[in-house]
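Written below as structure tokens is the structure these notes are about.
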Amino acid sequence: MQGISQDFIFIHCMSHHINPKDVFIIIPAYNENAVIRSVLEKLLPCKYTIVVVDDGSAQNLFPLINDMPVYSICHQVNLGQGAALQTGIEFALSKQALYIATFDADGQHHPGDIENLLEPLTDNRADVVFGSRFMEGSVHNMPVKRKLLLQTARYINYFFTGLLLTDAHNGLRAMNRKAALQIRIEENSMAHATEILAQVKKNKLHYTEIPVNIMYTGYSKAKGQTVWSGFRIFFDILLNKIFK
Amino acid sequence: MNGIQILLITGVIILFLYYTFRLRNALLDMLILALFTGVAVFFILFPEYTNKIAGKLGVGRGADLLFYICILFFLFVILKLFARIRRLEKTLTDLVRKQAKDEAIFMKEPDKI
């Protein structure tokens, strides 16, 4: 009985002709100890290779997940989400990953969306796929204030990178090995989302967007970006442009 | 010599001595430092000269000229410090990342689920 249900989940999660083990899911986690287990539990049935990057959390994540089949990487000090992603990507590449996806640790993403993100990659239609909360077909319960903030961020990204996406700061993305080798995130802070766009443009990578579902829980709202952090990201981008 | 001049000259000399002990190997830096100290002491003793220079540059008072120069100087210092912090951050990131990748572990073999 168990075998059947696992097979079913397997087919449900991975209908393409790729080995899910070649798909590495990078989960940057900073003080997400309360939810990390439940997020991983939802992801594990998909059989992807999971890489949790603990970005110097106050309380070490390892004891919480030491019975789960996932890779754990630990930054000794907190460097920022961008740095955690880059560490995870480099690690995945060293493990011969063919596809790499990034996934937020706060439980706002839906594991089933990863398959949709991989589709354009496996079909060779794109090198990088961005998840979007604002495309038709995506479901979200987003607060109005955040919606406005993200709309502003879209145009700021457009201003700095020349790419206008429907969503600006979505933690759910996927890329193939070629793109992962070319993209190098040097912005340790949240400004990495803009940097990825800039590098997609610079390296002339093909990109596309796929609608994804976002579940805003009280937890993720409390941990998420505010207008103030939006300003900080903006100044990070600006300063880093000057100091390149 | 009045009170403020004694105070300022003492401060400048203490700073000069402090940097002298820290930069004892950098000859060029020492020369620049000595030059700055000399100019500072000169203008503290004869402040009316700053007024003359200020007048030539179209600024009313020597004190105002000094103020403007200070703003420029501090902006320059902030930029230098920012660039240095960026470099440090990059070094730190590289080190932490290397250690993190070297010490990556697989929590549990998938077969045992």
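Brief remarks follow.
- Qualifying residue in the stretch A:64-71 (condition: at pLDDT 90 or above, out of contact with any strand residue (DSSP E or B) (no Cβ under 9 Å at 6 or more places or on another chain) and in a helix (DSSP H, G or I)): no
- Whenever a residue of the stretch B:77-105 is within 7 Å of chain A (Cβ to nearest Cβ) and more than 10 Å from A:LEU79 (Cβ to Cβ), its partners that are part of a helix (DSSP H, G or I) and of a type outside the set (Ser, Thr, Tyr), lying with C-beta atoms within less than 6 angstrom and at least six residues away or across chains, give the pairs B:LYS101/A:PHE91; B:ALA104/A:PHE91.
- Scope the stretch A:74-94; condition more than 9 Å from every other protein chain (Cβ to nearest Cβ) and assigned to a loop (DSSP other than H, G, I, E, B); matching residues: A:ASN78
- Of all residues in the stretch A:59-73, those that are more than 9 Å from chain B (Cβ to nearest Cβ) and surrounded by fewer than 21 Cβ atoms within 10 Å (Cβ to Cβ) total 4.
- Residue match in the stretch A:100-110 (condition: within 29 Å of A:LEU238 (Cα to Cα), without any contact (Cβ under 8 Å) to a residue 24 or more places away in the chain and outside any helix (DSSP H, G or I)): no
- Some residue of the stretch B:42-53 being under 30 Å from A:GLN76 (Cα atoms) and exposed (fewer than 15 other Cβ atoms within 10 Å of the Cβ): no
- So A:LEU172, is it touching a residue at least 12 places away in the same chain (Cβ under 8 Å) and either among the hydrophobic types (A, V, I, L, M, F, W, C) or crowded, with 20+ Cβ neighbours inside 10 Å (or both): yes
- In the stretch A:142-165, the residue that is farthest from the chain's Cα centre (by Cα) out of those that are closer than 19 Å to A:HIS192 by Cβ and in a loop (DSSP other than H, G, I, E, B) is A:GLY162.
- Across the stretch A:199-229, the qualifying residues are those that are modelled with pLDDT of 90 or more and either in a helix (DSSP H, G or I) or among the acidic types (Asp, Glu) (or both), and the one among them that is surrounded by the fewest Cβ atoms within 10 Å (Cβ to Cβ) is A:LYS202.
- The lone exception for A:ASP113 - which of (1) more than 13 Å from chain B (Cβ to nearest Cβ); (2) surrounded by fewer than 22 Cβ atoms within 10 Å (Cβ to Cβ); (3) of a type in the set (D, E, K, R); (4) more than 26 Å from A:GLU41 (Cβ to Cβ) it fails: (4)
- Qualifying residue in the stretch B:82-90 (condition: not aromatic (Phe, Trp, Tyr) and not in a helix (DSSP H, G or I)): no
The values are calculated or read from the model by the stated rules, or taken from the named source; none is laboratory data. As the structure is a computational prediction, the values presented were derived from the model and not from experiment. Counting neighbours? That spans all protein chains shown, and the Cβs are built from the backbone with ideal geometry, glycine included.
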